[in-house]
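Trainee: Pasting a structure here, questions to come.
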Amino acid sequence: MMLPEHKNRINRVYGQKKKMKLTKPALTDEDQQELFRRLKVSKSQNLEASITLFRDSGNRTIFGIVTSIDPRYALIKVESGPSWEVFQFSDVIRVDLHDAGY
């Protein structure tokens with residue numbers, strides 16, 4: 001059983017979270033090509049990259065090396081230590097490459 005005050009409070013908090021959804025930044029074709037180029041460099045030179053993905057609830061950053069790019073389905077696979085993750089290229093909003101620092 002839930003008190004009406006608690007129910008109202010939950011509805012208010014949940015409603016505020018819904019309103020706080022982010023909007024995806026608009027990327028030009030040139031921006032997308034640059035992001036794709038950086039992903040290819042990470043793959044070809046085994047460079048670690050920090051890849052920021054757009055999410056409605058807040059952006060997420062993945063650190064790792066790109067091991068696979070599937071142009072047909074626009075999927076990117078990144079390995080980070082023993083684990084890996086696959087995501088859509090359309091979710092990528094930023095890619096920063098990290099040199100090994102020899």
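Trainee: Label Q88 and L27 with points 7 Å out from Cα along Cα→Cβ: what is the distance between them in nm?
Mentor: So the label points at Q88 and L27 sit 1.2 nm apart.
Trainee: OK, next. Around L47, under 12 Å between beta carbons, what's the net of Lys plus Arg minus Asp minus Glu among the other residues?
Mentor: 0
Trainee: Would you mind giving the three semi-axes, in whole Å and largest first, of the ellipsoid equivalent to region 24-98 according to its Cα gyration tensor? Please report the intermediate quantities before stating the final value.
Mentor: Details: eigenvalues 62, 41, 27 Å².
Gyration-tensor ellipsoid for region 24-98: 18, 14, 12 Å.
Trainee: Can you sort R9, R38 so the residue with the fewest Cβ neighbours within 10 Å comes first? Mind showing how you got there, number by number?
Mentor: Details: R9 11, R38 19.
Least to most surrounded, the residues fall as R9, R38.
Trainee: When the dipole is taken about the Cα centre of region 24-98, and only Lys, Arg (+1) and Asp, Glu (-1) are charged at their Cβ, what size is it in debye, to the nearest 20? Before the final figure, lay out the partial values.
Mentor: Values: 10 positive and 11 negative charges, 23 e Å.
Using Cβ point charges on Lys, Arg, Asp and Glu, region 24-98 gives about 120 debye.
Bear in mind that the values in this text are calculations on the coordinates, not laboratory data. In this text the structure is predicted, and so the values were computed from the model without any measurement. All Cβ positions, glycine included, derive from the backbone under ideal geometry; neighbour counts span all protein chains shown.
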